[in-house]
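Presented below is the structure to which this report refers.
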Amino acid sequence: MQNDNIIQHPQFIREGKQVAFAPGTLKKVHELILRYPEGQQKSALLPLLHIAQEELGGHLSVDIMDYVASLLGIQPVEVYEVATFYSMFYLDNMGKYVIEVCRTGPCALAGSEQILAHLRDVLEIKPGETTPDGIFSLREVECLGSCGTAPVMQVNTEYYEKLTPGKVDRLLEDLREYANKNKPGGSTWVEKFC
Amino acid sequence: MGGKILLASIDIPGIREFGVYRASGGYAAVEQALRGMTPAQVGNEVTKSGLRGRGGAGFPTGLKWSFLDRKSDKPRYLVCNADESEPGTFKDRYLMHHLPHLLIEGLIISSYALGVKTCYIYIRGEFKYLVGILETAIREANKNGFLGERILGTDFSLNIYVHPGAGAYICGEETALLESLEGKRGNPRIKPPFPAFKGLYGCPTVVNNVETLATVAPIIRMGGEAYAKIGRGKSTGTKLISACGNINNPGVYEIEMGLPVEDFIYAPEYCGGIANDKYLKAVIPGGSSVPILPADLMLNTARGEKRLMTYESLADGEFATGTMLGSGGFIVFDEDACIVRNTWNLAHFYRHESCGQCSPCREGTGWMERVLYRIEHGAGKMSDIDLLVRVAKNIEGNTICPLGDAAAWPVASAIRHFRREFEYHVKHPEVVKNTSHGALNYEVESMIPDSGTGVNYW
């Protein structure tokens, strides 16, 4: 059942694009679904959304969520409610590199506030925003589980630890260069699952 | 390096690979259990060892296993809780990163004891790089006949799968984890029924922490009774402690239970003292959810005894003058740390991570955060301090899962032990405003009017 009128929220705009995984990814996806018992394919939803977000444009559009629902044989709304719950799924367009700075207790003790302030100054955006050139998005996130090497941030789920403003500058420089060469920010989910 | 049990082989180069791990005595416990012991005997050894859940609650593992519904004809599941998201805790990450095969070994033996054929490792999505490490370890174990069909030629078969979460602290709560594993939002379930009867897909399920399950392998190797001799009293064995904050050597340490807290903080082989030659102000010893204690109560109990790293000693004095061992996330604050700021920071965390199912937690965490925000940013009232205590009390115990308690305890304990610091913030708004530093200056400028009244936070 797909009634366009149900979805009024500005984030939920169905663009009507045809989306599909590449054949290699699709094979991996079907293997992943088989890890769960018969009738419980919905369990594969979180891994699939990770892969979809990564391979189909960096965020979960309604078209992508509908596609994932069709792969698992579940209602689209079952995907929407999950995608809106977890902080690693983005509903909005994101930059090529998503910089997520940990803000919680131990990182704050070690100076994450200064790191975030530095990023805001250098990138000239606030958390939740993307640079106009579409290269960087900045986010504040909760504990990344790396408190012994604080302050910490993740760029496209790669960890960068014991940060200083100088290290951040060097990283941003490298990432800008990567962006020119069209390199991804890290290894992919499909590579991780064997 | 005596006394290490879990991390005994961590310094061997290449220990992450199957061959090296096997050559150093790895998977011997699997052979020992599968070839020479019945599942009940394995369970007995774990019970005898006195092993307690290392994820935070400290519930006896053998007892938890004994609750599993063995009469049901449904399949049983073992779920390894690797959703390590408690602020200050990074021990499971360390363990899985360096010794993935130790976890796999523990999972095989535990599954054998519980009669489980399918086991899932639910790992937080941010630990994507660990997914690759674990999957590689599983594939290696499979290739060498320790996983898959008819392991070591016995009738026992097992498959282990890695399942990534996607950034939700609440999914570390066992029933929320099961919901998430079923592909749903991470809303905790009402207990009972407990997962031992109705867990994953409505089947009997055991959920254990990574460290707990990894410890099962050395327990079988050395025997439950020998393991129980290590440690002190009912806190048997060793515990991984992840130390962070203002200390010289942050990192993961395996300690024998019963080590004095003072030694842990100041000994060069552990935390190595407070960084920059400062003084100790306070400690949160078990992850951000447990009560914070000031230095004097942390080093000695209210009765004047030395405080030890055990479940019992840390809880001595209950919440009035005690705290909890929790998950072992040991956060140290030096003399310059602002307790109000830290409490506000943690309140923000719990507000963000509340699943929103129960009103006391959904609303209360937001109220606490906003009140703390205005105290920290120089717009607080004296009555706000008691208001916080009241809100915390109304959350505690009134929610489906312990996240409500976890959000209330840090606030209540910070006010209990550091009320004067809160009062100082209220009495000296100008000082507080000017000492706000870093990123928050942006918010302070835009969100608090100069008059200091009427905080428009949202």
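The values are calculated or read from the model by the stated rules, or taken from the named source; none is laboratory data. Here the structure is a predicted model, which is why all the values come from computation and not from measurement. So basically every Cβ, Gly included, is an ideal-geometry build from the backbone, and we count neighbours across all protein chains shown. Note: accessible area is taken over every heavy atom of the protein model, side chains too, but ligands, DNA and RNA are not part of it. Shrake-Rupley method; radii C 1.70, N 1.55, O 1.52, S 1.80 Å.
Quick one: angle between helix A:23-33 and the longest Cα principal axis of chain A, in degrees between 0 and 90, rounded to 10, please. With both axes taken from Cα atoms, the answer is about 80 degrees. Residue pairs exceeding 18 angstrom between C-alpha atoms, taken from B:Lys71/B:Lys191; B:Lys4/B:Lys281; B:Lys381/B:Lys433: B:Lys71/B:Lys191; B:Lys4/B:Lys281. The distance between label points at B:Asp277 and A:Val122 comes to 3.2 nm (points 7 Å beyond Cα on the Cα→Cβ vector).
Close amide-amide hydrogen proximity is noted between A:Tyr97 and A:Phe136, A:Ser137, each under 5 Å apart and 5 or more residues distant or on a separate chain (H modeled in the peptide plane; Pro and chain starts excluded).
Rounded to two decimals, the Cα radius of gyration of the stretch B:248-338 over 2.2 N^0.38 Å is 0.98. Among the trypsin sites (Lys or Arg not before Pro) within the stretch B:283-369, those in coil by DSSP and having at most 13 neighbouring Cβ atoms inside 10 Å are B:Arg303.
For B:Phe156, the residues whose modelled amide H falls within less than 5 Å of its own, excluding neighbours fewer than 5 places apart on the same chain, are B:Ile151. About the centre of its Cα atoms, the stretch B:232-334 shows a dipole size close to 140 debye [charges on the beta carbon of Lys, Arg (+1) and Asp, Glu (-1) only; nearest 20 debye]. Here the label points at A:Glu38 and B:Arg150, each 7 Å from Cα along the C-beta direction, are separated by 2.3 nm in the simple model. Over chain A, DSSP H runs of length four or greater, each weighted -39,500 (n - 2.57), average out per residue to a 222 nm ellipticity of -12000 deg cm²/dmol. What is the stretch B:18-229 by shape, rounded, prolate or oblate, if you read a ≥ b ≥ c off the alpha carbon gyration tensor as root eigenvalues and call it rounded for a/c under 1.5, prolate for a/b larger than b/c, and oblate otherwise? Rounded, because the longest to shortest axis ratio a/c is under 1.5.
Summarising the amide proton neighbourhood of A:Glu129: residues at separation of 5 or more, or on other chains, whose placed amide H is nearer than 5 Å comprise A:Leu138. What does the charge count around A:Ala150 come to, taking other residues whose C-beta lies under 12 Å from its C-beta (Lys +1, Arg +1, Asp -1, Glu -1)? Its environment carries a net charge of 0.
Extension gain for B:Ser359 to B:Glu225 (0.36 nm times residue separation, less C-alpha to C-alpha distance): 43.6 nm.
Applying 1/(1 + (r/R0)^6) with r as the Cβ-Cβ distance of A:Glu129 and B:Thr38 and R0 = 51 angstrom yields a FRET efficiency of 0.25. Computed from backbone phi with θ = phi - 60° and the Karplus coefficients 6.51, -1.76 and 1.60, the 3J(HN,Hα) list for the stretch A:43-48 is 4, 7, 4, 4, x, 5 Hz; x is used for glycine and proline. Computed over the Cα atoms of chain B, the ratio of the radius of gyration to the Kirkwood radius (Rg/Rh) comes to 0.99.
At a Förster radius of 22 Å, what calculated FRET efficiency corresponds to the Cβ-Cβ distance of A:Lys167 and B:His97, to the nearest 0.05?
Calculated transfer efficiency: 0.55.
Tell me which DSSP H helices of chain B clear both cut-offs, 24 Å or more of axial length from alpha-carbon atoms and a mean Kyte-Doolittle hydropathy of at least -0.5. Passing helices, by number: B:403-427.
Sparse packing (at most 16 other Cβ atoms within 10 Å of the Cβ) combined with a DSSP loop state is found for the following GluC sites (Glu not before Pro) in the stretch B:208-269: B:Glu269. Each Lys and Arg Cβ is given +1 and each Asp and Glu Cβ -1; about its Cα centre, chain B then shows a dipole of about 1180 debye.
For chain A, just say rounded, prolate or oblate: build the C-alpha gyration tensor, square-root its eigenvalues into a ≥ b ≥ c, call rounded for a/c under 1.5, and beyond that prolate if a/b exceeds b/c, oblate if not. Note, shape of chain A comes out prolate. Note on chain A: GNM, Cα springs under 10 Å; of A:Gly39, A:Gly95, A:Gly58, the largest mean-square fluctuation is that of A:Gly39. Using only alpha carbons, the protein assembly as shown has a radius of gyration to Kirkwood radius ratio (Rg to Rh) of 0.96. Note on the stretch A:97-181: Kirkwood hydrodynamic radius from all Cα pairs is 12.6 Å, rounded to one decimal. For the stretch A:4-83, the share of accessible area belonging to carbon and sulfur comes to 53 percent (1.4 Å probe, ligands and nucleic acids excluded). Legend: distances between Cα atoms for B:Lys117/B:Lys234; A:Lys96/A:Lys126; A:Lys96/A:Lys192; B:Lys117/B:Lys239; pairs beyond 24 Å are B:Lys117/B:Lys234; B:Lys117/B:Lys239. Only protein atoms count toward the accessible area here, which uses a 1.4 Å probe; on chain B, the carbon and sulfur part of that area reaches 52 percent.
The chymotrypsin sites (Phe, Trp or Tyr not before Pro) of the stretch B:193-299 that meet both conditions, a loop assignment by DSSP and at most 11 other Cβ atoms within 10 Å of the site Cβ, are B:Tyr279. Per-residue shielding of B:177-185, expressed as the average number of other chain Cβ atoms within 10 Å of the residue Cβ, stands at 5. Taking 0.36 nm per residue of sequence separation and removing the Cα-Cα distance, the B:Lys427/B:Glu335 pair yields an extension gain of 31.1 nm.
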